[in-house]
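What follows is a short report on a single structure.
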Amino acid sequence: KKTLTVNNTEVEFSDERNLLEVIRKAGIDIPTFCYHSELSIYGACRLCLVDIKGRGIMASCSIKPEPGMVVQTDTKAIRNMRKINVELLLASHNRECPTCQRSANCTLQDLARKLGVKDVRYKQTQKNLPLDTSSPSLVRDPNKCVLCGDCVRVCSEVQSVGALDFASRGSNARVVPAFDNDLSEGECVNCGQCAQVCPTGAIVAKSDADKVWEAIYDPEKVVVVQVAPAVRVGLGERFGFKTGENVARKMVTAMKMMGFDHVYDTCFAADMTIFEEATEFIERLTTGGKLPMFTSCCPAWVKFAETFYPEMLPNVSTTRSPQAIFGAVARKTLPAKLGVKPENLVVVSVMPCTAKKFEAQLPKFKRDGRPEVDYVLTTVELASMIESMGIKLDELEPAAFDMPLGFSTGGGVIFGATGGVMEAALRFAVEKVSGEPLEEIDFKETRGLAPRKEATLEVAGKQLRIAVVHGLANARKLVEEIKAGKAQFDFIEVMACPGGCVAGGGQPITSEDGFRSKRAAGLYDTDKERQVQKPQDNYWVDKCYAEAFGGRPGSHEAHTRLHTVYNN
Ligand code: HC0
Ligand code: SF4
């Protein structure tokens, strides 16, 4: 066994890739801006300094742990250097902390407090650069950037998008979108993974909360809301629940208290998506249509395909995402059901995702000039709205989603985890193709956090080859292999965010180990507890087709309202 000494305490280590990880394992939360275990090592912020006996002061993120090392994480010199670093950053930083979206959840604020920074001994050098509000999903505030480069690296390494980079050097250094354009003009796919790794408020989700409050306070308006699958296993973290605990039922009570008139479930629309998408897949499979078919519910993936692989667009399912299907169903059925004038119906979404804001405002999802989904809130925005009312989520009585658009099967719930859409689709498709009731409904091959999951299933004497990828760099690799003829699949699920929607750009920011698996487990547990687990057994979706969408998936009416087109 290998050991080294951290602050006079012996610590075991094995294959940690650097000293910083060993120190964290020893229970010391050594500060850093630029270190993320999933990104390459940059070593620029100089906060993770340690004194190694015989070697001096160095950045622990860039040092390989060696047996027998004697390490101090806190000496007088280190403390001074850290303080100077933080003060210099504060000198160039916009310090309007109380009005910042990341207030109370900001690494810089946190460090200034922990290090006891009382005043900033340097002249304020902040330049008052303009905000970039061009994106429908995100707001960039260069005045809050600490140049850690986390956003640049996540965008290029994890997403292979490369929408952000450094420009200029020295005191003029900045992080900018390509060609110093606005974010919305470049290749950004709105996934929000940059906002998830940003240690400050330099990139945040664009908020729609004020507009939603306006609608709620307007007595003329009937405000309905749909809540995405992953929200229920993320929201609780902001209120002291265990990571991944499903708080849907208390959340419904909170949302009624806030003044939403009807609280519905995107999982209903996810079930309906499966009716449509699995039907489309079976159609392609049996009539020699374009295969592989890619899922289409992740708007960041769809924009990625439109931007980088337009030649693959015929392979992307034309079925709309659950958010957009919900929009169509709400507009078509709710005015009559709720007795409200169409113009007074306000449709809100709560999503774990920043790209859903982009999706909702796309011209193709407008009807009569108005978006079918008016406003999209992130999980974090919903948490802040609940907090702003002083609601204590943990103390609320549970309530159920409203019917009928609040009823869903387990298949609709697992959508929020990577592989969940594929698993739900297989529950539908395998039963339909084989013509026999499906007994074993778990397709465990699709679960977990492996970068690519593959399986070959025997269905009615045919081989069905499926793959699941998450993280757009993994998607890019798979698409390249398919184009080169090196990979063959029939059906592929792509989600832009590593882990799927549970780790979307609108979820609470956390550095807890295993948070993705814990949130996913919350969804799989909910699936297991459901009496109805196959999307095709959602009686209310059947009824919705009968009432408003031509009686069956794939009907003419379904094609006009529940499908979409792509830009190529
Ligand atoms: Fe997802 Fe969805 S599962 S994309 O990750 O498909 O955002 O949670 O709402 O639309 O249902 C996000 C989550 C959704 C959609 C659903 C899909
Ligand atoms: Fe890159 Fe995603 Fe951030 Fe856009 S939202 S800059 S694609 S990480």
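Checking the structure you have, find out if any residue of segment 288-300 is within 20 Å of residue 489 (Cβ to Cβ) and outside any loop (DSSP other than H, G, I, E, B).
So far as segment 288-300 goes, yes, one or more of its residues are within 20 Å of residue 489 (Cβ to Cβ) and outside any loop (DSSP other than H, G, I, E, B).
Take segment 300-316 and flag every residue that is crowded, with 24+ Cβ neighbours inside 10 Å and within 19 Å of residue 561 (Cα to Cα).
Of everything in segment 300-316, just one residue is crowded, with 24+ Cβ neighbours inside 10 Å and within 19 Å of residue 561 (Cα to Cα), namely 302.
If we scan segment 68-76, do we find a residue that is surrounded by 15 or more Cβ atoms within 10 Å (Cβ to Cβ), touching a residue at least 12 places away in the same chain (Cβ under 8 Å) and in a helix (DSSP H, G or I)?
Looking through segment 68-76, none of the residues is surrounded by 15 or more Cβ atoms within 10 Å (Cβ to Cβ), touching a residue at least 12 places away in the same chain (Cβ under 8 Å) and in a helix (DSSP H, G or I).
The rows are residues; the columns are (1) within 23 Å of residue 192 (Cα to Cα); (2) charged (D, E, K, R); (3) touching a strand residue (DSSP E or B) at 6+ places or on another chain (Cβ under 9 Å).
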| residue | (1), (2), (3) |
| --- | --- |
| 225 | yes, no, yes |
| 231 | yes, no, yes |
| 244 | yes, no, no |
| 252 | no, no, yes |
| 266 | yes, no, yes |
| 270 | yes, no, no |
| 277 | no, yes, yes |
| 284 | no, yes, yes |
| 287 | no, no, no |
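Condition check: surrounded by 21 or more Cβ atoms within 10 Å (Cβ to Cβ), away from ligand 1 (no atom under 12 Å from the Cβ) and farther than 23 Å from residue 334 by Cβ. Does residue 237 satisfy that?
So residue 237 fits the description; yes.
Could you tell me which of the residues 148, 100 is farther than 16 Å from residue 173 by Cβ, touching a residue at least 24 places away in the same chain (Cβ under 8 Å) and within 32 Å of the chain's Cα centre (by Cα)?
That would be 100, the only listed residue that is farther than 16 Å from residue 173 by Cβ, touching a residue at least 24 places away in the same chain (Cβ under 8 Å) and within 32 Å of the chain's Cα centre (by Cα).
Pick from segment 117-136 the residues that are surrounded by 15 or more Cβ atoms within 10 Å (Cβ to Cβ) and of a type in the set (Ser, Thr, Tyr): which of them is farthest from residue 472 (Cα to Cα)?
Across segment 117-136, the extreme among qualifying residues is 134.
Out of the residues in segment 162-195 that are out of contact with any strand residue (DSSP E or B) (no Cβ under 9 Å at 6 or more places or on another chain) and in contact (Cβ under 8 Å) with a residue 40 or more places away in the chain, state the one that is nearest to residue 496 (Cα to Cα).
Per the stated criteria, the residue is 191.
Collect the residues in segment 429-446 that are on the phi < 0 side of the Ramachandran plot, without any contact (Cβ under 8 Å) to a residue 60 or more places away in the chain and out of contact with any Leu (no Cβ under 8 Å at 6 or more places or on another chain), keeping them in residue-number order.
Residues satisfying the conditions are 434, 436, 437, 439, 440, 442, 444, 445.
Hey, any hits in segment 521-540 for a residue that's away from ligand 1 (no atom under 16 Å from the Cβ), of a type in the set (Phe, Trp, Tyr) and buried (at least 19 other Cβ atoms within 10 Å of the Cβ)?
no
Would you please list the contacts, defined by Cβ atoms under 6 Å and residues six or more apart or on different chains, that run from a residue in segment 301-327 that is of a type in the set (Lys, Arg) to a residue that is not in a helix (DSSP H, G or I)?
Qualifying pairs under 6 Å: 303/189; 320/564.
Look through 303, 341, 337, 332 and report the one residue that is in the same structural domain as residue 547 (by TED's automatic domain parsing), basic (Lys, Arg) and in contact with a helix residue (DSSP H, G or I) (Cβ under 6 Å, 6 or more places away or on another chain).
Answer to the selection: 332.
Could you say which residue among 206, 221, 211 is over 24 Å from the mean Cα position of the chain (by Cα), under 21 Å from residue 374 (Cβ atoms) and in contact (Cβ under 8 Å) with a residue 12 or more places away in the chain?
Among 206, 221, 211, only 221 is over 24 Å from the mean Cα position of the chain (by Cα), under 21 Å from residue 374 (Cβ atoms) and in contact (Cβ under 8 Å) with a residue 12 or more places away in the chain.
Residues being within 16 Å of ligand 2 (Cβ to nearest atom), part of a loop (DSSP other than H, G, I, E, B) and out of contact with any helix residue (DSSP H, G or I) (no Cβ under 6 Å at 6 or more places or on another chain): count how many of those fall in segment 482-499.
Count: 1.
Could you tell me which of the residues 152, 146, 139 is surrounded by 17 or more Cβ atoms within 10 Å (Cβ to Cβ) and under 23 Å from residue 308 (Cα atoms)?
Result of the check over 152, 146, 139: 152.
Quick one: in segment 484-539, of everything that is of a type in the set (A, V, I, L, M, F, W, C) and over 23 Å from the mean Cα position of the chain (by Cα), which residue is nearest to residue 322 (Cα to Cα)?
Ranking the candidates gives 532 first.
Would you check which residues across segment 511-568 are aromatic (Phe, Trp, Tyr) and either under 23 Å from residue 416 (Cα atoms) or part of a helix (DSSP H, G or I) (or both) and list them?
515, 524, 539, 540, 545
Find the residue count for segment 247-279, including only residues that are touching an Asp or Glu at 6+ places or on another chain (Cβ under 7 Å) and not in a helix (DSSP H, G or I).
Summing the residues that are touching an Asp or Glu at 6+ places or on another chain (Cβ under 7 Å) and not in a helix (DSSP H, G or I) in segment 247-279 gives 3.
Considering each residue of segment 32-62, count those that are touching a residue at least 40 places away in the same chain (Cβ under 8 Å) and in contact with an Asp or Glu (Cβ under 7 Å, 6 or more places away or on another chain), and give that number.
Qualifying residue count, segment 32-62: 4.
How many residues are over 30 Å from the mean Cα position of the chain (by Cα), within 18 Å of residue 33 (Cβ to Cβ) and among the hydrophobic types (A, V, I, L, M, F, W, C) when one looks only at segment 56-85?
7
Could you figure out which of (1) touching a residue at least 60 places away in the same chain (Cβ under 8 Å); (2) of a type in the set (A, V, I, L, M); (3) closer than 29 Å to residue 368 by Cβ isn't true of residue 336?
Exception for residue 336: condition (1).
The values are calculated or read from the model by the stated rules, or taken from the named source; none is laboratory data. The model shown is predicted, which means the values in this text are computed figures rather than measured ones. For neighbour counting, all protein chains shown are included, and Cβ atoms are generated from backbone atoms with ideal geometry for every residue, glycine included.
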